[in-house]
Amino acid sequence: MSAPAPPRAISRHPSTVAAPALCAAIATAIALLASSCGGAGRSEAPSRAGASGAHRAGVGADGGVGAAAGTAGASTPDGLRGAPWEGAGPRDGAPADAPTPLRGRPVRVSVALGSPGPPVGAGFIGLSMETDDLPWVAHHEASGDLGVAMRSLGPGGVLRFGGVSTDLKSFFSPHNERATAPWQRIRVTPGELAAIGALARASRWHVILTVDLGHFDPGGAAREAAAARAALGASLAAIEIGNEPDRFPHERLPGAEPLRGAGWSVRDYLAQLRAYRRAIAAAAPGVPIDGPDASSGFPPLAWLTAVAAPGRPASASATAPAPAPAPAPAPAPALLTDHFYPTTSCLFDPTVSELMAPATRAKGQAMITRLAAMQRATHRGVLLDETNSVSCRGKPGVSNSFASALWAIDYVARGMDAGLAGMYFHLLPAEPGSYTPLAAPDRAALAAGQLRANPEWYGLLLAHGLVGTRPLHATVAGAGPELSARPFLAGPGELRVALVDFEPPGSQPLLVHISAAQRVTSGGVLRLTAPAPGATSGVTLGHSTVVAGSLRPAPRGEPLAIRGTAAAVELAPSSAALLTLSLAPSGGPR
């Protein structure tokens, strides 16, 4: 685990992404409603290999917005003057009785339907866990809530096992041998890997397994990789060699020596990586190897640069001097992996307002932009295989608050927009006050495999409604950086827009007007709400809550007000929504 990292765009199971408007958003975001939403058309998610192609840069740091929302005297966007949203009736074709007035500060989101980016892969949103939680996951493979929760995010996801526990205290025990060294505190067995394989197959997910590099043992890592391939088969997405090797001089168990000395460099890492790759290739030929799984999170991403082109030195910096070229460079990894957390509780005291602040979103955008540029330059997919809101295990009341859900929706949408290979959110099931999206509320629940959804999980469920779509450009008028508006094309006649209003409670609601130069035939909205940004409970998605891994009752969407080429929705402060619009064919009647 670190203070900063995405997955590959694995999509062996294509995702259905086009259906009638109201049901489509809910059906894709929440599998529970799929059976009630008929529809036509589907969009195939890209293959694993497709993750390494060039990708467009995105809409801009905050969607190209104008003056700050709520600023006194800010003008009404031209396209909204005289628009019939106040006191408007329901959408076109709906009964005219019981109209619902729409009120709020007018905002215009203009979507350009041309030149959409590449499709978002089915495995974009994944989960990352510590290796020392692998035995717990294996024990509850068939009976716990984790498998149910994984399935609620749909097929094709990725479950990564790694974190600092991999190199500090876990070891592979091929014949259930006991520990032989003081540091060997967590045992991973072939039987547990078989249980993980069963979980992956039942969920139609994939698994990334990290092997120990902290205690140099290429042969042991190769035996574990071979056992993982035998147990998981096609569900094994990749092997990672060591977790955050750039931090090895700083990682130690109490009373023990650091994993590496102060002179440890990326050149040393590349030399040891070659030995591991040779051993794994001999024992488990063809298994992809990702890396370097660095903790950097900050420019110039020296370790990613060096591993992507191991024969060339990385750019020099005050914090990461350029390594000398390594002899006989190891092959570049299948995917480049990095970690990123925009805030930290290490020596700092993050707050809910900080998590909601434009500066935090700008920090995430800056990292995403750098990673996307590296992806284009190397023609290799870049994955944030470990990420979340507040590093150093988070801060109770902040990283497990509703603010984290709002942050996560915007953060994921930015990563999708930039074309990254994926984002895996780190999960600590025994620590409900941490940043974990899912956690057991107490020891008894943990022993029974029972998990409660923290607010961030609801944000991931909503963001999953964008899987399979293609990012679009948009401009926003009448709002500032407190409004996040990210549009995506879900099919030839379907538009989805993720909206997040980061304004504090008590602010004026926003009346968001969406237009796309084609007639809107119908539309729906799925809302994410909570009592306050700092709330750690009371979250609802489509008026539903997560119980035992599933949303109950089935989520309910709401119809949108439709007028010609535009739709409108009232968005409360400190809330989010996923809009789906069905569009008439281009050139059709308006």
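What follows is calculated from the coordinates using simple rules that are stated; it is not laboratory data. Since the structure is predicted, the reported quantities are computational estimates derived from the model, not experimental observations. Ideal geometry is used to build each Cβ from the backbone, glycine not excepted, and the neighbour counts take in all protein chains shown.
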³J(HN,Hα), Karplus 6.51/-1.76/1.60, whole Hz, each residue of the stretch 259-268, x for Gly, Pro
5, 9, x, 5, x, 4, 9, 5, 4, 4
Distance in nm between pseudo-label sites at ARG178 and SER143 (7 Å out along the Cβ direction from Cα)
2.7
Given the Cα-Cα distance of ALA554 and SER586 and 0.36 nm per residue of separation, how much length would full extension add, in nm?
8.1 nm
Given R₀ = 22 Å, what would the calculated FRET efficiency be for ALA373 paired with SER115, taking r from the Cβ atoms and rounding to 0.05?
0.70
Karplus 3J(HN,Hα) series, Hz, for the stretch 543-560 with 6.51 cos²θ - 1.76 cosθ + 1.60 (x for Gly, Pro):
6, 10, 10, 8, 10, 6, x, 10, 6, 9, x, 4, x, 10, x, 10, x, 9
Got a sec to turn the phi values of the stretch 227-240 into Karplus ³J(HN,Hα) couplings, 6.51 cos²θ - 1.76 cosθ + 1.60 with θ = phi - 60°, whole Hz, x for Gly and Pro?
5, 5, 5, 5, 7, 9, x, 5, 6, 7, 7, 5, 10, 10
Using only the alpha carbons of the stretch 220-286, determine the length spanned along each of the three principal axes and report them from longest to shortest in whole angstroms.
38, 26, 18
Once amide H atoms are built 1.01 Å from N in the peptide plane, which residues 5 or more positions from LEU213, or in another chain, come under 5 Å H to H?
GLY242, ASN243
